[in-house]
Amino acid sequence: MDKEKNRWIRFLGGKSLIFTLAALCLLAITIFLFHTVSFIFKPLWVIFISVLAPGIFAVIIYYLLNPLVRLLEKKIPRVWAIAGLYILILLLLFLGGLQVFPIIQKQTEDLIEQFPSILNDFQKTTESLIAKTPFADEFSQATESLENLWSKISNVAGDYIEKGAQGLGSVFSAVSATFLTMFTGPIIAFFLLKDKEKFYASIKRMIPPAFRADFDEYSQIVNIQIGDYLKGQIIASIVLGVMYWPSFLLIGLQFSSVLALAAGILCIIPYIGPFIAFVPGLIIAFQDSTFMVVKFVIVWFVIQLIHGDLVIPRVMGDKLKIHPITILLVLLVMGELLGLVGVIFGIPLYCLIKVTVTYLFRKFKQRYNRFYGEKGKYEHTEFTKDDYLK
């Protein structure tokens with residue numbers, strides 16, 4: 001019995017129960033003190049929120065451009081490769097903006113102006129059609145329920161957007177925060193691309209030598225999980241928008257450019273985003289004709305099928321092993337915590353938390369096997385890239 005107690009005490013840390021209890025008391029006191037003086041850390045939180053958006057934008061640019069930079073640096077210096085890519089992107093944005101931006105701007109203004117009347121006409125037409133059927137009363141009740149549900153969803157979405165705007169604009173206004181993000185993000189990404197190894201080496205030097213091998217594995221897993229997801233999701237969104245645009249133009253759908261752009265951007269939000277883009281397109285198609293509705297639905301789901309079966313597996317691979325229900329729960333929780341930023345970047349943040357928790361739990365399992373292994377050992381205690389991604 002004494003041996004068992006002694007082993008349990010050593011498992012917790014220390015040589016006696018008094019030492020362990022004292023350590024737990026000190027931990028509780030520390031937490032209480034930090035809570036009491038939490039106002040001291042408010043400026044740190046403001047700094048964190050202020051650099052969050054530019055930092056995320058910089059990381060996205062880094063993961064998108066790094067493969068091209070690595071390819072080009074085989075022939076030219078890395079700095080010149082990065083500068084050349086930046087100049088090329090600026091030229092493409094400028095030339096593309098001259099051709100595309102006026103079309104997008106005009107269609108967006110027309111859609112904002114006409115959509116309330118389009119929605120109203122859609123509702124009246126639907127009600128008149130249903131009124132001729134035996135299900136008129138049920139439809140009326142369903143319509144009222146949907147309106148109440150939509151009102152609640154709109155309020156929640158408004159809260160998410162407001163939280164995101166407050167989070168990004170706690171120091172500056174939303175406009176200035178957006179400008180700073182667009183301006184400073186590429187600058188941060190430039191230095192990440194240029195001095196990635198120096199940054200990593202500086203961080204690694206702060207890690208205790210005993211944990212540096214694990215830190216290397218941890219960094220590789222984070223790179224695979226988050227990097228591949230961000231890069232793949234952005235590329236998949238661009239491909240989806242490019243697929244929808246000519247398809248909508250081909251069937252003669254009104255506001256085709258805006259709908260294709262919205263579908264591509266909202267694709268960044270898994271599952272929820274495509275549905276949000278589908279509903280306005282269906283309403284607009286319904287205002288044209290029944291045949292347009294049929295064409296729109298066929299084009300939408302055929303492209304979604306091609307995109308899901310051919311594009312997604314090739315640009316994202318199978319490294320991100322997350323169940324769809326988990327993704328939906330993550331979006332709900334992150335949206336509540338971080339607003340719009342949480343909805344868009346909730347999955348990468350979840351991946352980072354998941355990797356960290358997995359690492360800590362495997363360390364706990366190794367400690368358990370050391371003290372209580374004869375009673376049954378934990379499996380999968382090694383924290384390696386291959387073991388983690390199995």
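The values are calculated or read from the model by the stated rules, or taken from the named source; none is laboratory data. Everything quoted here is computed from the prediction, not taken from an experiment. Neighbour counts run over all protein chains shown; Cβ positions are idealised from the backbone, glycine included.
What the table below lists for this structure:
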item	result
Qualifying residue in region 295-312 (condition: modelled with pLDDT under 75 and under 23 Å from G342 (Cα atoms))	yes
Any hit, region 237-251, residues being touching a helix residue (DSSP H, G or I) at 6+ places or on another chain (Cβ under 9 Å) and not in a helix (DSSP H, G or I)	no
Hey, Q304 assigned to a helix (DSSP H, G or I) and closer than 29 Å to L119 by Cβ or not	yes
Answer from L71, L64, L52, L91 - the residue that is more than 26 Å from the chain's Cα centre (by Cα), within 23 Å of I224 (Cβ to Cβ) and of a type outside the set (K, R)	L71
I60 being touching a residue at least 12 places away in the same chain (Cβ under 8 Å) and either surrounded by 15 or more Cβ atoms within 10 Å (Cβ to Cβ) or under 21 Å from A236 (Cα atoms) (or both)	yes
Tally of residues being of a type outside the set (A, V, I, L, M, F, W, C), under 12 Å from Q304 (Cβ atoms) and over 13 Å from the mean Cα position of the chain (by Cα) across region 233-278	3
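The rows are residues; the columns are (1) more than 16 Å from L192 (Cβ to Cβ); (2) touching a residue at least 12 places away in the same chain (Cβ under 8 Å); (3) loosely packed, with under 10 Cβ neighbours inside 10 Å.
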position: I29; (1), (2), (3): yes, no, no
position: K42; (1), (2), (3): yes, no, yes
position: P54; (1), (2), (3): no, yes, no
position: L71; (1), (2), (3): yes, no, no
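Condition check ((1) aromatic (F, W, Y); (2) in a helix (DSSP H, G or I); (3) surrounded by 13 or more Cβ atoms within 10 Å (Cβ to Cβ)) across all residues:
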| position | (1), (2), (3) |
| --- | --- |
| F199 | yes, yes, no |
| F215 | yes, yes, yes |
| V222 | no, yes, yes |
| G227 | no, yes, yes |
| G232 | no, yes, yes |
| I235 | no, yes, yes |
| V258 | no, yes, yes |
| I265 | no, yes, yes |
| P274 | no, yes, yes |
